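Q: Quick one: the structure is below, and I'll ask about it shortly.
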Amino acid sequence: MNRREFLQGLAAAPLLALPVISSRVWASAEISSNDQKLLLIFLRGAYDGLNLLVPHNDSFYYESRPSIGLKKSDDPTQSLLALNADFSLHPVVKDTLLPLFQNHELSFVHAAGSPDNSRSHFHAQDVMEFGVFNDAAVYPNGFLYRFYQSLHGGNRPVFPLSYTSNLPLIFKGDSVVPNISLKGNLKFNLNDSQVSLYDRLYSHSALAAVEQQGIQIHKQAAVEYEQEMKEASRGAASAKGFAEETARMARFIKEQQGISIGFIDVGGWDTHVNQGSYNGQYANNLKQLAEGIANFRQAMGSQWKQTTVAVISEFGRTVRENGDGGTDHGHGNVMWLLGGDINGGKVLGEWNGLGAATLHENRDLPVLNDYRSVLAEIFASRFQLSEQQNRQIFPGYVKQSFNV
Amino acid sequence: MKKLLLILWLLPSLAFADDLSKIIYAENRIGYGSKLSEQQSIRQLGLDQWIEEQLKGNQDEPDFLQNRIADLSISKVPVPAMLNQIKAMKQDSEDNKKIVRTLQAQWVYETFERDALRALYSKNQLRERMTWFWFNHFNVDSQKGMVKDFLADYQENVIHKNALGNFKDLLRATLKSPSMSFYLDNYQNTAPDSLLNQKNQQKNQSLKGINENYAREIMELHTLGQGQGYTQQDVQELARILTGFGFRRDTGPVNIRKDLQPMVVTDGLFFFDPRRHDFGDKLFMGHTIIGSGYPEIEQVLDILVNNPNTAKNICRELAVYFVDDQPSKKLLNKMTATFLKTHGDIPSTLRVIFKSEDFWSKVGKNNKFKMPHEYVYSAIRLAYDDIPVTNLTPLWNQISNMGETPYGHQTPDGYGISNKDWVSPDQMEKRFTFSNLFNYRKTNLLNDDEYTVRSNLVINKSDATADNQPKFENPVDYEKMMVTIGGSLSDNTKAVLQDAKPKERIGYLLASPEMLNK
């Protein structure tokens, strides 16, 4: 059985008729060039967007960040990459994000984020994933789950998949969304008769659906993994770290014969101390992230044109650096949008400039552009959701226009 | 002979058939899972008395366990000597850097080894459980800088020592630990107009400032709970109070101006440095704190520990850990009242749980999904009983592979302790892969070969064995395991075990819902 046959077999298997993986059994399984692919990347720990997308004309930026601020310079390794009259990029993304921006495949939304003002990582992440901002500490499901539910039952199958070792809140709901960590070795060692006994062990359990999903997704991963090993043995370049994961994600997404909704999170952004400027922990993290995304774009090949990638983080960091060469918990941040069909090469949304008068509570970037509104516009324009559907995904959000 | 033994084992369990499910439950919830030898001592003592002994947590440990722990380098080398070892390396060459990384990796791994050995063989199971709980509550990440040098000491002398003591002592011990101070950056927290900064200014050196990281987390996570009665203003005021709280690298006398000497406070590596402190008055949660140096923090500890929100936050977390993801109001109220009345006495608060109807109503319900370390330890306890495993690296690898890298949770909230945090498709497959190792006798826990720990932290000693070429080992006995927990299995599980190939039954038993849950 080759890989394609295996995957088509999966599509026909009764297990896939479970509501959890796809909406229905469909007749034709060919890849449609219209099938939209969404990948959401969550930067946990509040990354410092202000040192990625620098408002290089605002002297307040330099006054606030005497040691970590990024300047224009003649030294190309220590110089900002100018995007337009107002903004520049961190030099560490020169070979990854800059070409994407110049090629109109990447845009940013500055001063973006959520209304939550707790400055607590954990609370802010939870409510961002719920997509609902009220007094309730918990919500029954995550917004990406509701997004999936609103596409579910349409005329194309939908594949939600979390590329994480645990199932994040954003995908929590009544039915189980599959998850898999794509790090390391992905061999699957159970034979069919063993699988049937494991299935039986859980047939009466509340974990039955979770158990079946786990086995199915790992079977599929093992097939993809085998293919990757074959290509590597023929000399194909193999990536490491996050770039390895994104290449594997692209394999999964390209094989999903329908609409894809993917999620992954990346940590290590809580830079209270020695954040660094051109080099250092923040620059290293940013470099790896950008390389992974550039690798993903490459690996998506011809399907990149129907792909959208959004990068979000729970809040931004203080505009002023603290006493330890780092930054503390803030509010507004920079959101990224990438894709083959994005209104690229722009800084979208509202921006009031950076100065003492425009700060939120005299310390942070304000949130002028609600992340929910940005995503809702993508849901509407790329996935044809109605405004009513968007309001079910993001109850109470205020609609803004970004022209994404 | 085997049959006779089996009957001898069966006899007591048949005689106390009604109690078996309660004993298994208590072993799973209060300890790290069922093993035959422990069941026998519970029967001898009686369940109630066994629980009282657990709450004391001071029973003598088996000799082999004491010896194994005494042999670890972390038991022999005090922290200042560790820091000196690293310093002596100077770290200037790649080779030296590698030696330092290997040393640090060894300290972190040995800390795990000590924890895992105790989880598997300690008589004081509840102390081990509470050690995990409090470490997770006061989480530090060993992958961040110097935390790896302090980890073994933090785990032993801050957490394990106070795990069944008083909450305020525990909180103070974490506050004074270099581990927490480094992890949440407070060692850097310096008043902008402090003596140190004035001196730096004169010398044209860079100035230090306020860092509010620890101030926020001590209220949000360690005591009051997120958003529970404090404001951003309180965070900033507490950050001022916490200026100057840090650590030093050795325990010798402090070299400081004479007039400042009386204000210095040291305790081991803990160091309150008056040169970095903000001596102004502060307004913290409605209380005026007169600027006086170290004594300010004792006032703060009283305010925090006696605040009902702290009692609520801690008791809720304990109830979720021991009873149910949605603990009843009745149980929480009773626990909270006890916590407040005893000013944070941990055993008294736990006793409320273990005497509650809520706790015992969950016998046989399997309502809590085990966390990865709980699952792996319970499988080894059931399969190996008192056989000492010699190679614990596969446990580190398995627990990490299931998403719970020991001491590797990056953020201060620690790992989640509810079902929603662990139940997922990927998790199920990982646990089956683990249990399946038993079918092929590939658990590899009894060899002394060089090993590999799969982690960016722990250096590969060699790529030889571990997971690549496991040795055949078969000390585990399916029938004995069935004597231990067979009585608590569902008919469905029993039927599957019956239909499985005899040599694969251990794997399915360990993969059953009764083993994945507790």
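Q: With the structure loaded, tell me whether B:Asp141 is among the charged types (D, E, K, R), over 22 Å from A:Gly326 (Cα atoms) and under 18 Å from the mean Cα position of the chain (by Cα) or whether it fails that test.
A: Working: among the charged types (D, E, K, R): yes; over 22 Å from A:Gly326 (Cα atoms): no; under 18 Å from the mean Cα position of the chain (by Cα): yes.
It is false that B:Asp141 is among the charged types (D, E, K, R), over 22 Å from A:Gly326 (Cα atoms) and under 18 Å from the mean Cα position of the chain (by Cα).
Q: Within region B:197-214, count every residue that is in contact with an Asp or Glu (Cβ under 8 Å, 6 or more places away or on another chain), modelled with pLDDT of 90 or more and of a type outside the set (S, T, N, Q).
A: Number of matching residues: 2.
Q: Which residue pairs have Cβ atoms under 7 Å apart, sit 6 or more places apart or on different chains, and have a first residue in region A:198-220 that is facing chain B (nearest Cβ under 7 Å) and a second that is outside any helix (DSSP H, G or I) and of a type in the set (Gly, Ala, Ser)?
A: Between residues of region A:198-220 that are facing chain B (nearest Cβ under 7 Å) and residues that are outside any helix (DSSP H, G or I) and of a type in the set (Gly, Ala, Ser), the close pairs are A:Tyr198/B:Ala511; A:Leu201/B:Ala511; A:Leu201/B:Ser512; A:Val210/B:Ser424.
Q: I'd like the residue in region B:57-105 that is under 16 Å from B:Ala152 (Cα atoms) and of a type in the set (D, E, K, R) and, out of all such residues, is most open to solvent (accessible area, probe 1.4 Å).
A: Filtering first and then ranking leaves B:Lys76.
Q: Further question on the same structure: Aromatic (Phe, Trp, Tyr) and at pLDDT 95 or above - does that describe any residue in region B:459-478?
A: No - not one qualifying residue is present in region B:459-478.
Q: Out of everything in region B:404-431 that is assigned to a loop (DSSP other than H, G, I, E, B) and under 22 Å from A:Ser175 (Cα atoms), what residue ends up being least open to solvent (accessible area, probe 1.4 Å)?
A: Narrowing region B:404-431 to residues assigned to a loop (DSSP other than H, G, I, E, B): B:404-418, B:423-424.
With the extra rule that they be under 22 Å from A:Ser175 (Cα atoms), the set shrinks to B:416-418, B:423-424.
Values: B:Gly416: 24, B:Ile417: 26, B:Ser418: 23, B:Val423: 32, B:Ser424: 1 Å².
That would be B:Ser424.
Q: Name the strands (runs of 3 or more DSSP E) wholly within region B:192-298 that hold at least 2 residues that are open to solvent by 70 Å² or more (accessible area, probe 1.4 Å)?
A: Of the strands (runs of 3 or more DSSP E) lying wholly inside region B:192-298, those with at least 2 residues that are open to solvent by 70 Å² or more (accessible area, probe 1.4 Å) span B:287-289.
Q: Being open to solvent by less than 10 Å² (accessible area, probe 1.4 Å) and in contact (Cβ under 8 Å) with a residue 60 or more places away in the chain is the requirement here; does A:Phe171 meet it?
A: On the way: open to solvent by less than 10 Å² (accessible area, probe 1.4 Å): yes; in contact (Cβ under 8 Å) with a residue 60 or more places away in the chain: yes.
Taking the combined requirement at face value, the residue satisfies it.
Q: Could you list, in sequence order, all residues of region B:474-493 that are within 11 Å of another protein chain (Cβ to nearest Cβ) and either more than 30 Å from the chain's Cα centre (by Cα) or among the aromatic types (Phe, Trp, Tyr) (or both)?
A: Those that are within 11 Å of another protein chain (Cβ to nearest Cβ) and either more than 30 Å from the chain's Cα centre (by Cα) or among the aromatic types (Phe, Trp, Tyr) (or both): B:Ser490, B:Asp491, B:Asn492, B:Thr493.
Q: Quick one: in region A:377-396, which of the residues that are open to solvent by 10 Å² or more (accessible area, probe 1.4 Å) and in contact (Cβ under 8 Å) with a residue 60 or more places away in the chain is farthest from the chain's Cα centre (by Cα)?
A: The residue in question is A:Gly396.
Q: Checking B:Asn436 against (1) within 30 Å of B:Ile218 (Cβ to Cβ); (2) surrounded by 18 or more Cβ atoms within 10 Å (Cβ to Cβ); (3) not small (Gly, Ala, Ser), which test does it fail?
A: Evaluating B:Asn436 over (1) within 30 Å of B:Ile218 (Cβ to Cβ); (2) surrounded by 18 or more Cβ atoms within 10 Å (Cβ to Cβ); (3) not small (Gly, Ala, Ser) leaves (1) as the failure.
Conditions (1) open to solvent by less than 70 Å² (accessible area, probe 1.4 Å); (2) more than 24 Å from A:Pro366 (Cβ to Cβ); (3) polar (S, T, N, Q), marked per residue:
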position: A:Leu70; (1), (2), (3): yes, no, no
position: A:Ser73; (1), (2), (3): yes, yes, yes
position: A:Pro76; (1), (2), (3): no, yes, no
position: A:Leu81; (1), (2), (3): yes, yes, no
position: A:Ser88; (1), (2), (3): yes, no, yes
position: A:Pro91; (1), (2), (3): yes, yes, no
position: A:Asp95; (1), (2), (3): no, yes, no
position: A:Ser107; (1), (2), (3): yes, no, yes
position: A:His110; (1), (2), (3): yes, no, no
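Q: Which of (1) at the interface with another protein chain (Cβ under 10 Å from one of its Cβ atoms); (2) open to solvent by 20 Å² or more (accessible area, probe 1.4 Å); (3) in contact with a Lys or Arg (Cβ under 9 Å, 6 or more places away or on another chain) does A:Tyr163 not meet, given it meets every other one?
A: It is condition (2) that A:Tyr163 fails.
Q: What is the residue count in region A:72-90 for residues that are closer than 24 Å to A:Gly268 by Cα and either in contact with a Gly (Cβ under 8 Å, 6 or more places away or on another chain) or basic (Lys, Arg) (or both)?
A: 0
Q: Still on this model: Based on this model, can you work out whether A:Trp351 counts as among the aromatic types (Phe, Trp, Tyr), open to solvent by 20 Å² or more (accessible area, probe 1.4 Å) and touching a residue at least 12 places away in the same chain (Cβ under 8 Å)?
A: Yes: the conditions hold for A:Trp351.
Q: State whether the residues of region B:178-191 include one that is open to solvent by 30 Å² or more (accessible area, probe 1.4 Å) and outside any helix (DSSP H, G or I).
A: no
Q: Filtering region B:198-242 down to residues that are at the interface with chain A (Cβ under 10 Å from one of its Cβ atoms) and β-branched (Val, Ile, Thr), which residue is nearest to B:Arg275 (Cα to Cα)?
A: B:Ile210
The values are calculated or read from the model by the stated rules, or taken from the named source; none is laboratory data. Since this is a predicted model, take the numbers as computed values, not measurements. Every residue, glycine as well, gets a Cβ built from its backbone with ideal geometry; the counts of neighbours run over all protein chains shown. For accessibility, only protein heavy atoms count, side chains too; no ligands or nucleic acids. Shrake-Rupley method; radii C 1.70, N 1.55, O 1.52, S 1.80 Å.
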